[in-house]
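> Pasting in a structure now, in structure tokens, and then I'll have a few things to ask.
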Amino acid sequence: MDFDWLRTSCLSFRGSYEDYPFGPDIAVFRVRADRWAGSGVPGKIFALVPVDADPPSVSLKCDPALAQQLRAAHPEITGAWHLNKRHWNGVRLDGDLPAATVRDLIEDSYDLVVASLPADHRHALGWTGGTP
């Protein structure tokens, strides 16, 4: 797993896009419905990825109770740097976490963000559920 794998995984979700509001070193992955595009309103962030981090890492939104469980079970998962540690996990990709687990964590982050969007935006994304 590397930056390209993370980028591909994050961009695989409907309505996701990548931008660099903090400069060229941090890729920010957001979600928005097509009808939201061009409105001047940025999408909601579901992942932040340092471009040249060694080891590769990603910051992901997470349900607070699950965040604590994941941190207790996996040394690669900690509170995300410079983000609200109650709601964001930092995931290092230098340990034993399988790619499928990291992909699930990305999907959970996406689902949490989409669940917080207005109903018409969720509908426009074709989102039918996932993590509430």
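The values are calculated or read from the model by the stated rules, or taken from the named source; none is laboratory data. None of the values given here were measured: they were computed from a predicted structure. Here the Cβ is made from the backbone with ideal geometry for all residues, glycine too, and neighbour counts use every protein chain on show.
> If you scan region 88-105, which residues turn out to be in contact with a strand residue (DSSP E or B) (Cβ under 6 Å, 6 or more places away or on another chain) and closer than 19 Å to Arg30 by Cβ?
If the condition is that a residue be in contact with a strand residue (DSSP E or B) (Cβ under 6 Å, 6 or more places away or on another chain) and closer than 19 Å to Arg30 by Cβ, then Trp88, Asn89, Gly90, Val91, Leu105 are the ones that fit.
> Yes or no: Arg7 among the basic types (Lys, Arg) and either without any contact (Cβ under 8 Å) to a residue 40 or more places away in the chain or in contact with a helix residue (DSSP H, G or I) (Cβ under 9 Å, 6 or more places away or on another chain) (or both)? Talk me through it step by step, then tell me what you get.
Working: among the basic types (Lys, Arg): yes; either without any contact (Cβ under 8 Å) to a residue 40 or more places away in the chain or in contact with a helix residue (DSSP H, G or I) (Cβ under 9 Å, 6 or more places away or on another chain) (or both): no.
Here the answer is no, as Arg7 does not meet what is asked.
> Looking at (1) in contact (Cβ under 8 Å) with a residue 40 or more places away in the chain; (2) closer than 25 Å to Ala119 by Cβ; (3) in contact with a Lys or Arg (Cβ under 8 Å, 6 or more places away or on another chain), which is the only condition Val49 fails?
If we test Val49 against (1) in contact (Cβ under 8 Å) with a residue 40 or more places away in the chain; (2) closer than 25 Å to Ala119 by Cβ; (3) in contact with a Lys or Arg (Cβ under 8 Å, 6 or more places away or on another chain), just (2) comes out false.
> Further question on the same structure: Among the candidates Val102, Val91, Val113, single out the residue that is closer than 19 Å to Pro50 by Cβ, touching a residue at least 12 places away in the same chain (Cβ under 8 Å) and in a helix (DSSP H, G or I). Outline the logic, then answer.
On the way: Val91 fails: in a helix (DSSP H, G or I); Val113 fails: closer than 19 Å to Pro50 by Cβ.
Every option except Val102 fails the conditions.
> Would you please name the residue that is modelled with the highest pLDDT, looking only at residues in region 79-107 that are over 19 Å from Phe22 (Cβ atoms) and of a type in the set (Lys, Arg)?
The extreme case among them is Arg103.
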